[in-house]
Amino acid sequence: MPYKFTFDLSEIPRFVFTEIAKAGYQKGMHRKVGVAADRLIRKFRIQEVTGLNLSDAVTLLEDLIDLQARNLVKREKFVQTKKRALFLPHCSRKYMDSRCKAIFDPSMPSYVCQHCSNDCLINKADAFAHQKGYDVYVVPGGSCIQEIVKNNNYEGVVGVACGEEIHLSEDMLENLGVVAQAAPLIKNGCANTAFNVEALLKML
Ligand code: SF4
Ligand code: SF4
């Protein structure tokens, strides 16, 4: 699902994402995803808030609902996994230039966050995930993930990325026997992107 549009849902109230999660649950019960997306777009005036046209808003909401549904299907297996990794996208760092003090370690390959900014999403996610026993990678692209997972024998993976990257990694992880949970970006664009930290922390 490569998006041909940019979007920013970061100003949308958090309870809307609860509604999206509920719609994902209902999809798991064979409700129609298109109908649910349409209902949410109208109810929460997604087009007015984001400036997206109807077709792009439908694509986005359907994907978010679909990802929630797939997370739910795999959740039980995921909680049984022991060795886990969190993959974060480099595009969500607070700074994309030298103000970001993360050190790139080509042997991993991953940025290693140096916690220079308290309000950086990567910092928050990295600190929490380490406490929970995850290995954390801030990757420059999804292509690094396969090598990292293979080299470290992870059983469970949580991945934060745009929908396109999530879909590219999904089959690969399944083929490796890894159980994955996905946290989609709520603002895309490959720089200064955003994800829902609260939702991610719950997922971990
Ligand atoms: S907190 Fe980490 S990821 Fe964020 S800008 Fe600083 S070093 Fe970079
Ligand atoms: S928006 Fe997606 S494709 Fe672009 S850098 Fe971030 S995760 Fe990668």
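The values are calculated or read from the model by the stated rules, or taken from the named source; none is laboratory data. Computed from a predicted structure; not experimentally measured. Heads up, the Cβs are rebuilt from the backbone with ideal geometry, glycines too, and the neighbour counts pull from every protein chain shown.
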For region 105-125, how many residues meet the condition of being crowded, with 18+ Cβ neighbours inside 10 Å and near ligand 1 (Cβ under 7 Å from one of its atoms)? 5
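For (1) within 15 Å of ligand 2 (Cβ to nearest atom); (2) under 20 Å from Gly24 (Cα atoms); (3) not in a strand (DSSP E or B), each residue gets a yes or a no:
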residue: Lys150; (1), (2), (3): no, no, yes
residue: Tyr154; (1), (2), (3): no, no, yes
residue: Glu165; (1), (2), (3): yes, yes, yes
residue: Leu173; (1), (2), (3): no, no, yes
residue: Ala182; (1), (2), (3): yes, yes, no
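Would you pick out the residues in region 26-59 that are modelled with pLDDT under 80, of a type outside the set (Gly, Ala, Ser) and out of contact with any helix residue (DSSP H, G or I) (no Cβ under 6 Å at 6 or more places or on another chain)? Don't jump to the end; show me each part of the working.
Applying the first criterion (modelled with pLDDT under 80) to region 26-59 yields 26-34.
Pick out the ones that are also of a type outside the set (Gly, Ala, Ser) and you get 26-27, 29-33.
Scanning region 26-59 gives Gln26, Met29, His30, Arg31, Lys32.
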Within region 137-148, take every residue that is crowded, with 20+ Cβ neighbours inside 10 Å and of a type in the set (A, V, I, L, M) and give me the one that is nearest to ligand 2 (Cβ to nearest atom). Val139
Condition test on Val160, is it more than 16 Å from ligand 2 (Cβ to nearest atom) and touching a Leu at 6+ places or on another chain (Cβ under 8 Å)? no
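Looking at Ala102, Ala69, Ala127 in this structure, which one is away from ligand 2 (no atom under 15 Å from the Cβ), at pLDDT 95 or above and out of contact with any Ser or Thr (no Cβ under 7 Å at 6 or more places or on another chain)? Working first, answer last.
Numbers: Ala102 fails: away from ligand 2 (no atom under 15 Å from the Cβ); Ala69 fails: at pLDDT 95 or above.
From the options Ala102, Ala69, Ala127, the qualifying one is Ala127.
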Need a quick list: strands (runs of 3 or more DSSP E) entirely within region 16-123 having at least 1 residues that are under 19 Å from Glu170 (Cβ atoms). 84-89
In region 124-142, how many are assigned to a loop (DSSP other than H, G, I, E, B) and over 15 Å from the mean Cα position of the chain (by Cα)? 3
Of those in region 155-174 that are under 15 Å from Gly141 (Cα atoms) and of a type in the set (D, E, K, R), the residue surrounded by the most Cβ atoms within 10 Å (Cβ to Cβ) is Glu165
Away from ligand 1 (no atom under 16 Å from the Cβ) and within 19 Å of the chain's Cα centre (by Cα) - does that describe any residue in region 86-104? no
Let me confirm something: among Lys94, Lys74, which residue is surrounded by 15 or more Cβ atoms within 10 Å (Cβ to Cβ), in contact with a Cys (Cβ under 7 Å, 6 or more places away or on another chain) and closer than 25 Å to Leu204 by Cα? Lys94
